[in-house]
Structure formats: structure tokens, C-alpha cells
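To start, the structure under review is shown below, and the notes come after it.
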Amino acid sequence: MSRPAPSAQASADAARTALRGLGALRDDLAALYRDLHAHPELSFAEHRTAAEVARRAGEFGYEVTTGVGRTGVVAALRNGPGPTVLLRADFDALPVTERTGLDYASTTEGVMHACGHDMHVSCLLGALKLLADARETWHGTVLGVFQPAEELGQGAQAMIDDGLYERFGTPDVVLGQHVGPFPAGTVGAHAGPAFAASDSLKVVLHGKGAHGSRPETSVDPVVMAASTVLRLQTIVSREIPGGETAVVTVGALNAGTKDNIIPDEAELKLNIRTYSEDVRTRVLTAVERIVRGEAAVAGAGREPDITETGSFPVLVNDAGAVARTMAAVGEVLGADRVMDPGPVTGSEDVGLFGTHGEVPVCYWLFGGADPAVFGAALAAGTLDRDIPSNHSPFFAPLVEPTLTTGVTALTTAALAWLDLR
Ligand SMILES: [Zn+2]
Ligand SMILES: [Zn+2]
């Protein structure tokens, strides 16, 4: 049995005590961050990162298990009866060629920590160390979950399928954070649907190839594709209620090899973002209807192929969990540094840890942009140009105060859920 939730004040007091150790860790954490940034690893290939995480967490006194969901790492600190708090950091990088010019830029050609997962790992290791050192002040279990392959939308599921909850216990709450392109030093959480569901589709339109001089003998898949792309863009504007929202992007359109050959097929790659199952179903149904309809109108002799190539469920933040967590975080950081960013169209598979065991999730954003640069860009109306966002080859979180803010938020959040002595 867990005791009643500690007040935000009590959690904040415990956090302030634990955070006294942060000053002594800062240089080491910054060095760790730069090292991880210089050595990014792609999804499910995070071997060096996993080894570094395992080594450090073991030194802090955690029971460490590697190879969970292929390359994932679980660090458990069982500290008497009480709630189990899952703290999650993803740790994969992206196939992006870094262009930041930083002296700790990626040393691996074509791979970059362009989403800031290196910052997530550094913050979680900092929080795990502080929580271990402060173990006299709390009861319960801390599970540090270092997740692979978030960028593929497969890592959380892989860890769950590998028996994460059966082997380590079902947590009482899932907590985690993502660094983003807004001022360092601030955090933001949105209750309810917070990160969009994402569906990726590949569509192959089948036509009939011919010599470019004799279109009458062809069924031209280039024209079919062009018409399909335009009509797909009517889904959001004409079929989704004004009070709802969705994104339909055709990110790739490929057909043909040469000016005087009509090819026999065209390929489209679509990405769809939605916040509710109802809208998601409507959009997916409309996509299929339009793709099949355009093929039929063009006189295609064969039905198009529509294949799902990836999906992330919507990430729903539990309102009670957000209120409890952010009340404590606001006490420590100052209420003016905690805001509600609203729902974002990015997607995250962390929600699977919540839906799998019906566990409340509180997943927040923390800023990584230089506040001075951000302020100037905001005033000039040039945020889109001057503040690189996640996945950009220029994405470069300011090491401090980003690191301190992330460690502070995570440590405080954990103590808002553990039993305090
Ligand atoms: Zn990403
Ligand atoms: Zn990410």
C-alpha cells in the first residue's frame, strides 16, 4: 500500500535536498553529454551508449539489465516497499549529417543526435545518481528505462514484448521528457492528447508504361500520382471538422526515369498525424478512398497497393499525473518556468508504456534553445529560421541550463511519486 501522495511542497523539499548534489555532477554530466553527442548510434544499434549507461548506473548502485528489447537497458533501485516510478529516456540517433560545427559534433559520418536523445540520457543518469544518493529520504522503486529505437517507433514495444513489466514490475507512473526548440530553463506539459498519433503509408499506383510519344497507349501513373496528391490535400480542409485537426503530408513522390518514357508505376509515401481515434479513422479511410478512386478514374488496370510502413499511437498525458508532477516541478523551478505548450504534432512511443499496463503517463518538454537567441528571434518573427528544431542538421541544445533543468525536472518528478520518509 502506498501512502497518500506527498504535497507538492513536501516533494519539492525532498527534491531540493537531493539536488544539492547536482553541482558536483555538472561537469561530468556535461562531458558525458558531449561524448554521447560525438558518438551517436542508430536505432537498435546503440551498443556503445548502452554500455556507458549500464556502467554508470551500476556504479550508482542500480541493478542493471542490458539487452532488454534488443539494446535497451533497465536500471532498478529497489528501496523498500512503496510506489514504482518508471523514468524513461530514449537513446537512439538519426541518419542525419550534422552541420552544427560544434567541437563535439558527431564523429560518425551520416549519423547525428539530431533529436536530443543524448540530452535525455545525460539527464536521466544525473537524476538516477541524485536519487540513489538521496535514498535515505524515500521509499519505493526507481526504474530507469533507457529505450532504443524511438525514432522507428519500435523500441518501447520491443521492451514491453521482452517482458519489461513482468520482469521488473508494473510501475505506478511513467515519467519522461523531450528536449525541444524553446528557451532552455523552461519545461512544459500538456494534459490529454499531447503528442500526435503518426501513421506512415506507402502507396504504389499501377499504370501502364509506354513510349513518351504515344500516351494513348499508356495509363500514365505520373498524372495519376499528381492528381492523387492534390486530392489527398482536401482531406484535412474538406473532411475534418473545423474544431479538429490532422496533418496529411506526402513526403515522397517517385516515378519514372527519363523524359520520353511513361513509367508503369508511381510511388507515394504519406505521413499522417492525428489526436483522436475518430479523426485517425476518418483520415485513413479517406486516403484509401481517394487513392483507389483516382486509380479507377485514370483507368488503371490494377488496384493500387497501400501498405502501412509505421505507426505511433497518440500519447495521452494523464491529467492527474501532469497536475501532480508539474506542481512539484513548478515549486522547484519556479511556476513561471513551467507552461502548457498545447498539443504538438510530433509523435512519441513513450505512450505505449502507459497503455500497456494502464499506467498514467506524464511526459513533458524541456527547452534547449539559447534564451537570448530565442527572445531575439521571437521579437523579429524569425523563430522558424533562427531556431533549429529537432531532426535538423543544426539542432544543438545549449548544454546549460538545459542539462540542469532536465535533471531537476526528472528528479523532482520522481520524488513527487515516491513515498517520502
Ligand atoms: Zn526524433
Ligand atoms: Zn526524439
* **Of the criteria (1) within 16 Å of ligand 2 (Cβ to nearest atom); (2) out of contact with any Ser or Thr (no Cβ under 8 Å at 6 or more places or on another chain), which one Val68 fails** => (1)
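Can you list the strands (runs of 3 or more DSSP E) found entirely within region 305-421 that contain at least 1 residues being away from ligand 2 (no atom under 16 Å from the Cβ), closer than 20 Å to Pro181 by Cα and assigned by TED's automatic domain parsing to the domain that holds Ala89?
Where strands (runs of 3 or more DSSP E) fall fully within region 305-421 and carry at least 1 residues being away from ligand 2 (no atom under 16 Å from the Cβ), closer than 20 Å to Pro181 by Cα and assigned by TED's automatic domain parsing to the domain that holds Ala89, they are 361-369.
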* **Residue list for region 266-287, filter: out of contact with any Leu (no Cβ under 6 Å at 6 or more places or on another chain), modelled with pLDDT of 95 or more and not in a helix (DSSP H, G or I)** => Glu267, Lys269, Asn271, Ile272, Arg273, Thr274
* Pick from Val96, Val121: which is assigned to a helix (DSSP H, G or I) and within 16 Å of ligand 1 (Cβ to nearest atom)? -> Val121
* Please work out which one of (1) closer than 22 Å to Val361 by Cβ; (2) touching a helix residue (DSSP H, G or I) at 6+ places or on another chain (Cβ under 8 Å); (3) not aliphatic (A, V, I, L, M) is the condition Thr71 fails and give its number. => (1)
* Structure fact -> If we keep only residues of region 370-390 that are within 16 Å of ligand 1 (Cβ to nearest atom) and touching a Gly at 6+ places or on another chain (Cβ under 9 Å), then the residue nearest to Ala114 (Cα to Cα) is Asn390
* Asked: Out of all the residues in region 153-175, is one or more modelled with pLDDT of 95 or more, of a type in the set (D, E, K, R) and surrounded by 22 or more Cβ atoms within 10 Å (Cβ to Cβ)?
  -> no
* **Subset of region 1-40 [without any contact (Cβ under 8 Å) to a residue 40 or more places away in the chain, over 25 Å from the mean Cα position of the chain (by Cα) and part of a helix (DSSP H, G or I)]** => Asp13, Arg20, Gly23, Ala24, Asp27, Asp28
* Counted residues, region 60-89 - those being among the aliphatic types (A, V, I, L, M) and without any contact (Cβ under 8 Å) to a residue 24 or more places away in the chain -> 1
* region 239-279 - residue that is hydrophobic (A, V, I, L, M, F, W, C) and touching a His at 6+ places or on another chain (Cβ under 8 Å) and, of those, surrounded by the most Cβ atoms within 10 Å (Cβ to Cβ) -> Ile262
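With respect to Thr66, determine if the residue is at pLDDT 95 or above, in the same structural domain as Asp162 (by TED's automatic domain parsing), of a type in the set (S, T, N, Q) and part of a strand (DSSP E or B). Lay out the reasoning, then the answer.
Values: at pLDDT 95 or above: yes; in the same structural domain as Asp162 (by TED's automatic domain parsing): yes; of a type in the set (S, T, N, Q): yes; part of a strand (DSSP E or B): yes.
Answer is yes for this residue.
Restricting to region 1-41, what's the tally of residues that are over 19 Å from Thr411 (Cβ atoms) and at pLDDT below 95?
At the first step, the residues of region 1-41 found to be over 19 Å from Thr411 (Cβ atoms) are 1-4, 31, 34-41.
Checking the rest, the ones that are also at pLDDT below 95 come to 1-4.
The number of residues fulfilling the criteria is 4.
The values are calculated or read from the model by the stated rules, or taken from the named source; none is laboratory data. Being a predicted model, the structure only gives us computed values, none of them experimental. When we count neighbours, we look across all protein chains shown, and the Cβ atoms used for this are built from the backbone with ideal geometry, even at glycine.
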